[in-house]
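The values are calculated or read from the model by the stated rules, or taken from the named source; none is laboratory data. Predicted model, so just to flag it, every value in this text is computed and none were measured. Positions of Cβ are generated from backbone atoms using ideal geometry, with glycine treated the same way; all protein chains shown enter the neighbour counts. Just the protein is used for accessible areas: all its heavy atoms, side chains included, with ligands, DNA and RNA removed. Shrake-Rupley method; radii C 1.70, N 1.55, O 1.52, S 1.80 Å.
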Amino acid sequence: MEYRFPEVHPDRQFVAVFNTNRCIACQTCSFACKSTWTFSRGQEYMWWNNVETKPYGGYPHHWDVKLLQMLNDANPGGQTWDTSQESDAAPYGEFKGMTIFEAAEAEGKENAIGYIPTDEDWTSPNLYEDTAKGPKGVPNEYHPEGAQLPEHNSWFFYLQRICNHCTYPGCASACPRSAIYKRPEDGIVLIDQERCRGYQKCVEQCPYKKSMYRPNQQVSEKCIGCYPRVEGSDPLTEGIPMETRCVATCVGKIRLQGLVDIDETGGWAEAPDNPLYFLVRKEQVALPLYPQFGTEPNVYYIPPRWVPREYLRQLFGPGVDAAIERYSNPSRELQAVLQLFRATQKIIFRYEIEEGEEIIDTEINGRRVHLFNDTIIGFDGAGNEAARISVEEPFHTREGDFPGQFQNSI
Ligand code: SF4
Ligand code: SF4
């Protein structure tokens, strides 16, 4: 794949894992982001973080369907994966189709194919909220026999979306002013507001539609990865790197965000005790969104268990089946690492696990299931303990007049 700039890699990369199985679409993340960064005049329709209901929802409207259609038009029927040859470097096989960059080359266009959404497309960011796909493809038609795993007949799920701080950002290669850059210290992708002239090439060529135009300032703006928090330069953090606002406020505890070290080849340096490395590279339970676009996004998703696999493979690639299997029957280590989601606002760079007693030994769906009350300890950027949480979470009982009768009360 051709990319406009020479191969350069940051020392560390901003990475996040979102567990779609846990999201309740409360939109706390969306409002935490908006109230921090996009509350000003000219940003009314700007949601750097949004949560959309799939399959029908999208912000801007139908952004992904439009991109998939453009790719298919450029390469009719050729957007396929070859999963016959898998390796450590290509755990899900090889994509045989065209990325957004290759499709542009084939069509004699600029760096990447894309489109500029209309003003109407940016309105109603939560259109089709909770609209299920029915068994015959009819919205909100419910199956008479209800829903059962492994795939529900009527289904929807919530997709949380921020800028992916891509390894090969479509936005950066698109900019004729070279105003977009990837920071060497953390891989966060930023738009230099002094250089930007508002040509909107980034809006057009970001396949995820996460670069947005601000008409009253005549510049484009995008998610900045809450870089003051990630740097630890937010005055509140006393020099300790903190998670982004959308991650730190997540009510459903679905988000984990941090940094991974990048080696000289551009790959992730081996770090099995980094929770993000563990989830993405070792356990391979989290997958990138639309990897076929070719930008190498750095936000990874644990796919929803109940959604038809064919649909999920289109979104997350052929690793979906194995990822769902691993999430549904988690290893002892994965059970502990999942407890780190939202255990602290500090970025966890490393974890240790203290083994605990076996608390469950049973059979579920014909499988032997063992659960251990291990304790996971997360360490912050200064190497200090930032989180300590056991698999069996603390159980609080209200005392007073009714001792032992009420749960989770103070
Ligand atoms: S705050 Fe968390 S649970 Fe709520 S919508 Fe956002 S990602 Fe989902
Ligand atoms: S998601 Fe879009 S805006 Fe963000 S880095 Fe990738 S191409 Fe650029």
Assess whether A103 counts as being at pLDDT 95 or above, open to solvent by less than 40 Å² (accessible area, probe 1.4 Å) and in contact with a Leu (Cβ under 7 Å, 6 or more places away or on another chain). yes
Here are some residues: Y277, Y327, Y290. Which one is open to solvent by less than 10 Å² (accessible area, probe 1.4 Å) and more than 16 Å from ligand 1 (Cβ to nearest atom)? Y290
Quick one: would you say T28 is surrounded by 13 or more Cβ atoms within 10 Å (Cβ to Cβ), touching a Lys or Arg at 6+ places or on another chain (Cβ under 9 Å) and polar (S, T, N, Q)? no
Contact list please: Cβ distance under 7 Å, first residue in region 244-256 and touching a residue at least 12 places away in the same chain (Cβ under 8 Å), second residue β-branched (V, I, T) and near ligand 1 (Cβ under 9 Å from one of its atoms), pairs at least six apart or on different chains. T249/T28; C250/T28; V251/I24; V251/T28; G252/I24; R255/V247
Tell me, please, whether a residue that is more than 16 Å from ligand 2 (Cβ to nearest atom), open to solvent by 40 Å² or more (accessible area, probe 1.4 Å), part of a loop (DSSP other than H, G, I, E, B) and in contact with a helix residue (DSSP H, G or I) (Cβ under 9 Å, 6 or more places away or on another chain) can be found in region 58-73. yes
Residue hits (region 128-169; closer than 30 Å to P10 by Cα and aliphatic (A, V, I, L, M)) are L159, I162
When you go through A25, A32, A16 one by one, which is the residue that is outside any loop (DSSP other than H, G, I, E, B) and more than 15 Å from ligand 2 (Cβ to nearest atom)? A32
Please give the strands (runs of 3 or more DSSP E) falling wholly within region 261-370 in which 2 or more residues are of a type outside the set (A, V, I, L, M, F, W, C) and within 16 Å of ligand 2 (Cβ to nearest atom). 299-302
Out of the residues in region 225-257 that are open to solvent by less than 30 Å² (accessible area, probe 1.4 Å) and of a type in the set (V, I, T), state the one that is modelled with the lowest pLDDT. T237
Counting residues that are among the hydrophobic types (A, V, I, L, M, F, W, C), away from ligand 1 (no atom under 16 Å from the Cβ) and open to solvent by 10 Å² or more (accessible area, probe 1.4 Å), which strands (runs of 3 or more DSSP E) fully inside region 156-222 reach at least 2? 189-191
The one condition in (1) in contact with a Pro (Cβ under 9 Å, 6 or more places away or on another chain); (2) surrounded by 12 or more Cβ atoms within 10 Å (Cβ to Cβ); (3) farther than 24 Å from P288 by Cβ that E151 fails to fulfil: (3)
Take A90 and decide whether it is touching a helix residue (DSSP H, G or I) at 6+ places or on another chain (Cβ under 6 Å) and closer than 28 Å to Y327 by Cβ. no
Answer from G232, G266, G294, G198 - the residue that is in contact (Cβ under 8 Å) with a residue 60 or more places away in the chain and within 26 Å of H62 (Cβ to Cβ): G294
Among (1) over 23 Å from P304 (Cα atoms); (2) touching a Pro at 6+ places or on another chain (Cβ under 6 Å); (3) not β-branched (V, I, T), there is one condition H143 misses while meeting the rest; what is its number? (1)
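Yes or no, residue by residue, for (1) on the phi < 0 side of the Ramachandran plot; (2) not aliphatic (A, V, I, L, M):
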residue	(1), (2)
V189	yes, no
E194	yes, yes
G198	no, yes
K201	yes, yes
Y208	yes, yes
N216	yes, yes
G232	no, yes
M242	yes, no
V247	yes, no
Inspect region 28-40 for any residue being under 23 Å from Y327 (Cβ atoms), in contact (Cβ under 8 Å) with a residue 24 or more places away in the chain and in contact with a strand residue (DSSP E or B) (Cβ under 9 Å, 6 or more places away or on another chain) and give the result as yes or no. yes
Mind listing just one residue for me: the one in region 35-53 that is more than 21 Å from the chain's Cα centre (by Cα) and surrounded by fewer than 16 Cβ atoms within 10 Å (Cβ to Cβ) and, of those, farthest from ligand 2 (Cβ to nearest atom)? R41
Against the definition (at pLDDT 95 or above, surrounded by 19 or more Cβ atoms within 10 Å (Cβ to Cβ) and hydroxyl-bearing (S, T, Y)), how does T375 come out, yes or no? no
Condition check for K109: under 20 Å from G294 (Cα atoms) and either open to solvent by 60 Å² or more (accessible area, probe 1.4 Å) or basic (K, R) (or both): yes
Given the options Y158, Y208, name the one that is touching a Ser or Thr at 6+ places or on another chain (Cβ under 9 Å) and more than 13 Å from ligand 2 (Cβ to nearest atom). Y158
